[in-house]
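> I'd like to ask you about the structure that follows.
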Amino acid sequence: MSTGRQSCPRSARRGAISARLAALLALALMLAGTSVPAYADEPVTDRPDTFPDSGSRSSRRAETTEGASSGWTVGRTPDVFSGDGLATRVGGWADASYQDNDVESESVNVNHFNLFFDTRLGNRWQAFLEIEFENEPGVRGFEEEREYEIEQAYGRWNSSDALGLRVGQFNTPFGIWTPVHWSILMDTITEPIHEGTRVTPEQQVGAEIAGRLFLRTGQENDTELSYSLYTGYGDHTEAFERQGTDGPSIGADLRLRMRESDLVGISLYQQRREQEDARDRTERSVMLYGEWRPVERLQLRTEIFRQLRDRHVGPGLSRRINIGYVSGRWDFTPRTYLSYRYGYGDDEGEGSSDERHTHTITLGFRPTSATRVKLEYAGNEFRGTDRRDFHFWGVSVGILF
Amino acid sequence: MHWRGVCGLTVLALLGALQTPAASERQPIAIVVSAEWETPPEIQLATLRRLYMGRITRWAGQPVERYDLASGTRPRVTFTSQVMGLTERELEDYWLEQALSGGAIPPREVDGMVEMRRVIASRAGRIGYLPLAALESGDAARLRVLAVSVGGRTRHPREADYPIDMDRASGAKGQD
């Protein structure tokens, strides 16, 4: 399985951006030091049975409510959206890590620095801009990425809760990991194979209609069906080290949520990869996914991916890709967890099959609600390829501001 | 003397263990809206959950402004657990994901019961919650307490099987 790792020499390019990295880290630390109340660390345990009736200590949100009905409000908390007028929320996150494996040299870097600007006018209109510095090393066993980019830039109009229209560049609604910033939101330092190999594009440039419907089961309308239908052009995809992803795309995501913690979904995606050489092809992908919390402290999650190409396009590009993982997370305390994930990838060639198996164990904790710390080990095994098995370990710290 | 003391303490401990625990008092959480707001007299627990998760933004014919008590307070932990079916940390993760993706906006926080009563009473379209015991006699003219419907059964906070109650285990999952 050609899972796209480069030899990762210490290139001149890395040296050129080191000063910028240092500046970004300094800025991130400065911003973290003044974390906004929305992410501020607050006690989670029960307080005494007395309820604070501190009339003298008026609510920060209530204050905003009364005074934010006109003009353009800018701030770093959701409070800015309390009025009906134009408002922009500014926020972001950053993470840094030490990562190493037993076949190449270690990496100590700021991996991400993201800033977002969420502008809304009332309940219906929204403009969202996110810019990102990304510096993901290759020691995880996937292709390294170093770039500044506009991560998302879209406008949205909500007709109702059941129907909204989004136009611009947005994260691809495909499964669980792809649409989110997994580096700060998910449990592990390394991503699942389907995300690391970018078998589907990270973003779409196009249009989407999306919404939620509520299904009546029994006497309660207690089941939620959310949907997304979109079309556009895939971007920045280097699936299995193959360049060229430009071309029309179309996709759909359906997600059925039974409880807040339990869901199943299916994502469908078709990408025309318009290329001038023999690799011109159409790819059709499907992802089945689900989350289940059988007991309060245990969360189980799985994503099963399959991609079919319309024709065989050379010895290095197979007809089918099968990737999947199952993971479980046990919460020891509200701020400490242990996670295990088994991942599998199979790039089925003509008469051969390149396989990758990963076992990922992560210990995570949150010293504050604005901080994420992860320690991780991952064993990677390859079959049917000349890639060496390797062991990965790393420590990651993420902050929100 | 030493053994007498040990035996005495053991007997006392056994007696203590055999004591029937005192019946705990119910501490229901009341869902409140402005008395001026013409809403149905009850709200489904599933609807309440969706409002507070930002999945729906309208109810009873108009946009809804949601209000939360401060994070970590016992009424808030109870509400999060029994209405949303989540822990405080899970809810924190949810709002973080929403913020980073331009999604739903969290409810506004108020610091205490006085502030909650004042804010909710001041405008139609606002919804909040507080312990039933924290309501005062003067609130009747300004606030209205909604009954909560679960599985086709509607219960008022004063009824025994009302679904949002601090006396129940805080880790209990929401039931809808």
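> Considering only segment A:192-215, state which residues are at the interface with another protein chain (Cβ under 10 Å from one of its Cβ atoms) and either surrounded by 23 or more Cβ atoms within 10 Å (Cβ to Cβ) or at pLDDT below 85 (or both).
If the condition is that a residue be at the interface with another protein chain (Cβ under 10 Å from one of its Cβ atoms) and either surrounded by 23 or more Cβ atoms within 10 Å (Cβ to Cβ) or at pLDDT below 85 (or both), then no residue fits.
> Report yes if A:TYR154 is facing chain B (nearest Cβ under 9 Å), touching a Phe, Trp or Tyr at 6+ places or on another chain (Cβ under 6 Å) and not charged (D, E, K, R), otherwise no.
yes
> Kindly indicate whether A:GLN99 is out of contact with any helix residue (DSSP H, G or I) (no Cβ under 7 Å at 6 or more places or on another chain) and assigned to a strand (DSSP E or B).
Against the criterion (out of contact with any helix residue (DSSP H, G or I) (no Cβ under 7 Å at 6 or more places or on another chain) and assigned to a strand (DSSP E or B)), A:GLN99 does not qualify.
> Are any residues in segment A:243-255 buried (at least 19 other Cβ atoms within 10 Å of the Cβ) and modelled with pLDDT under 85, and if so, which ones?
A:THR245 - this is the single residue of segment A:243-255 that is buried (at least 19 other Cβ atoms within 10 Å of the Cβ) and modelled with pLDDT under 85.
> Here is a further query. Residues to consider are A:ARG309, A:ARG341, A:ARG297; find the one that is at pLDDT below 95 and under 24 Å from the mean Cα position of the chain (by Cα).
A:ARG297
> State which residue is surrounded by the fewest Cβ atoms within 10 Å (Cβ to Cβ) when the search covers only segment A:125-140 and only residues that are charged (D, E, K, R) and farther than 30 Å from A:ARG388 by Cα.
Residue satisfying both the conditions and the ranking: A:GLU132.
> For segment A:123-142, does any single residue satisfy the condition of being assigned to a loop (DSSP other than H, G, I, E, B), more than 11 Å from chain B (Cβ to nearest Cβ) and either touching a Lys or Arg at 6+ places or on another chain (Cβ under 8 Å) or more than 16 Å from A:PHE392 (Cβ to Cβ) (or both)?
So far as segment A:123-142 goes, yes, one or more of its residues are assigned to a loop (DSSP other than H, G, I, E, B), more than 11 Å from chain B (Cβ to nearest Cβ) and either touching a Lys or Arg at 6+ places or on another chain (Cβ under 8 Å) or more than 16 Å from A:PHE392 (Cβ to Cβ) (or both).
> What do you reckon, is A:GLN169 part of a strand (DSSP E or B), within 14 Å of chain B (Cβ to nearest Cβ), more than 30 Å from B:ARG153 (Cβ to Cβ) and in contact (Cβ under 8 Å) with a residue 60 or more places away in the chain?
Yes; evaluated as a whole, the condition is true for this residue.
> Using beta carbons and a limit of 6 Å, which pairs, at least six apart or on different chains, have the first residue in segment A:103-121 and under 30 Å from A:GLY85 (Cα atoms) and within 13 Å of chain B (Cβ to nearest Cβ) and the second one among the acidic types (Asp, Glu) and buried (at least 21 other Cβ atoms within 10 Å of the Cβ)?
A:PHE116/A:GLU130
> So, one more: May I ask you to list the residues in segment A:371-388 that are closer than 18 Å to A:SER105 by Cβ and outside any strand (DSSP E or B)?
A:ARG387, A:ARG388, listed by residue number.
> Has segment A:257-264 got any residue that is within 14 Å of chain B (Cβ to nearest Cβ), more than 23 Å from A:PRO192 (Cα to Cα) and surrounded by fewer than 18 Cβ atoms within 10 Å (Cβ to Cβ)?
yes
> Looking for something polar (S, T, N, Q), at pLDDT 95 or above, in a strand (DSSP E or B) and within 22 Å of A:HIS194 (Cβ to Cβ) - is there at least one such residue anywhere in segment A:393-401?
Yes, there is a match, as at least one residue in segment A:393-401 is polar (S, T, N, Q), at pLDDT 95 or above, in a strand (DSSP E or B) and within 22 Å of A:HIS194 (Cβ to Cβ).
> From the set of residues in segment B:133-144 that are touching a Lys or Arg at 6+ places or on another chain (Cβ under 9 Å) and aliphatic (A, V, I, L, M), which is nearest to B:LEU51 (Cα to Cα)?
Of everything passing the filter in segment B:133-144, B:LEU143 is nearest to B:LEU51 (Cα to Cα).
> Out of B:GLU97, B:GLU115, B:GLU65, B:GLU90, which single residue is in contact with a helix residue (DSSP H, G or I) (Cβ under 6 Å, 6 or more places away or on another chain) and acidic (Asp, Glu)?
On inspection, the qualifying residue turns out to be B:GLU97.
> Same structure again: All but one of (1) modelled with pLDDT of 90 or more; (2) part of a strand (DSSP E or B) hold for A:MET258; state the number of the condition that does not hold.
Against the list (1) modelled with pLDDT of 90 or more; (2) part of a strand (DSSP E or B), A:MET258 comes up short only on (1).
> Report those strands (runs of 3 or more DSSP E) wholly inside segment B:52-150 carrying at least 2 residues which are over 30 Å from A:MET186 (Cβ atoms), more than 7 Å from chain A (Cβ to nearest Cβ) and in contact with a strand residue (DSSP E or B) (Cβ under 7 Å, 6 or more places away or on another chain).
Of the strands (runs of 3 or more DSSP E) lying wholly inside segment B:52-150, those with at least 2 residues that are over 30 Å from A:MET186 (Cβ atoms), more than 7 Å from chain A (Cβ to nearest Cβ) and in contact with a strand residue (DSSP E or B) (Cβ under 7 Å, 6 or more places away or on another chain) span B:65-69, B:126-131, B:143-150.
> When both residues are 6+ apart or on different chains and their Cβ atoms are under 9 Å apart, which pairs have a first residue that lies in segment B:41-69 and is free of Cβ contacts under 8 Å to residues at least 12 places away in the same chain, and a second that is small (Gly, Ala, Ser) and in a loop (DSSP other than H, G, I, E, B)?
Close Cβ pairs satisfying both conditions: B:THR57/B:ALA104.
The values are calculated or read from the model by the stated rules, or taken from the named source; none is laboratory data. No experiment lies behind these values; they were computed from the predicted model shown. Here the Cβ is made from the backbone with ideal geometry for all residues, glycine too, and neighbour counts use every protein chain on show.
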